[in-house]
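To keep things clear, I will list the structure first and then write my remarks on it.
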Ligand SMILES: [Zn+2]
């Protein structure tokens, strides 16, 4: 794969040649073969890939870019994913600057007639929460809002609608199926919203510290409070001063729950818990999910799982 710095200077033709070279490589180490006759859909993160599968059903072959355990903020696509992208019919990203690496990638490698879907484009500005210096490397204009909108099922519904329209645009012959699948799935998401509302309303603790500001929209929707985060910029570990300020804040606000994330190191959270002398509990809360783990394989399973994790320590 080309070094990131080189990407900016590679012409479209040169990128094409590089792809031919990649295609000629033996298949060793590559994943499954693309499924013939299906609309190829490239999607960045697990929840977005799941929305594409739910709406596309049997008509689509979805390639999820950011694997479980990787951070969408700093991800580098593999050469196999670049090949997939070079003849994908649709590319879907979360938007709002979450995947700072996509803009360049799509322009350089994406098929000329590919439909690009910014899944957050339909979310009205009044629903968006301003980010506190979130995305390293993102254009300032893209980094204004917190990008973790999918963790509010009501905003996820708007993402599903954007994906539905993208699939319809790329494959109008099957518009009826995409619309029907989306309708059914949206009713499941409305049900999920009710489930989360009921689950969280039983919490006696309303405040928590998150690993990074991933649960801002979730907290707002369900009346919880993300009082602080360990890493404002994910991937940049906090210094001793920041940790002790966070511990003070937690004492002041009587916060006893710290969530880590499977994508990042739990070290700082464990240090905070050790410092608290046993009054602070640490649990892993996954904002993305993992298609290979039945507990969090779909977006709906992930959300139910996360409510379960929260219940253990906030009820
Ligand atoms: Zn994030």
- [ ] Taking the options 29, 16, 5, 37, name whichever one is at positive phi, out of contact with any strand residue (DSSP E or B) (no Cβ under 8 Å at 6 or more places or on another chain) and modelled with pLDDT under 50.
- [x] 29
TODO: Kindly provide the set of residues from the range 74-93 that are within 15 Å of the ligand (Cβ to nearest atom) and surrounded by fewer than 23 Cβ atoms within 10 Å (Cβ to Cβ), ordered by number.
DONE: 74, 75
Open item on the list: Taking the criterion of being touching a helix residue (DSSP H, G or I) at 6+ places or on another chain (Cβ under 8 Å) and within 16 Å of the ligand (Cβ to nearest atom), would at least one residue in the range 50-63 satisfy it?
Closed with: no
TODO: Would you mind finding the one in 282, 229, 257 that is within 16 Å of the ligand (Cβ to nearest atom) and touching a helix residue (DSSP H, G or I) at 6+ places or on another chain (Cβ under 7 Å)?
DONE: 229
TODO: Could you look through the range 204-223, keep only residues that are more than 16 Å from the ligand (Cβ to nearest atom) and either assigned by TED's automatic domain parsing to the domain that holds residue 51 or without any contact (Cβ under 8 Å) to a residue 60 or more places away in the chain (or both), and pick out the one that is nearest to residue 264 (Cα to Cα)?
DONE: 207
TODO: Among the candidates 246, 302, 288, single out the residue that is in contact with a strand residue (DSSP E or B) (Cβ under 6 Å, 6 or more places away or on another chain) and buried (at least 20 other Cβ atoms within 10 Å of the Cβ).
DONE: 246
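The values are calculated or read from the model by the stated rules, or taken from the named source; none is laboratory data. Given the structure is predicted, the values throughout are model-derived calculations rather than measurements. Virtual Cβ from ideal backbone geometry, glycine too; neighbours counted across all protein chains shown.
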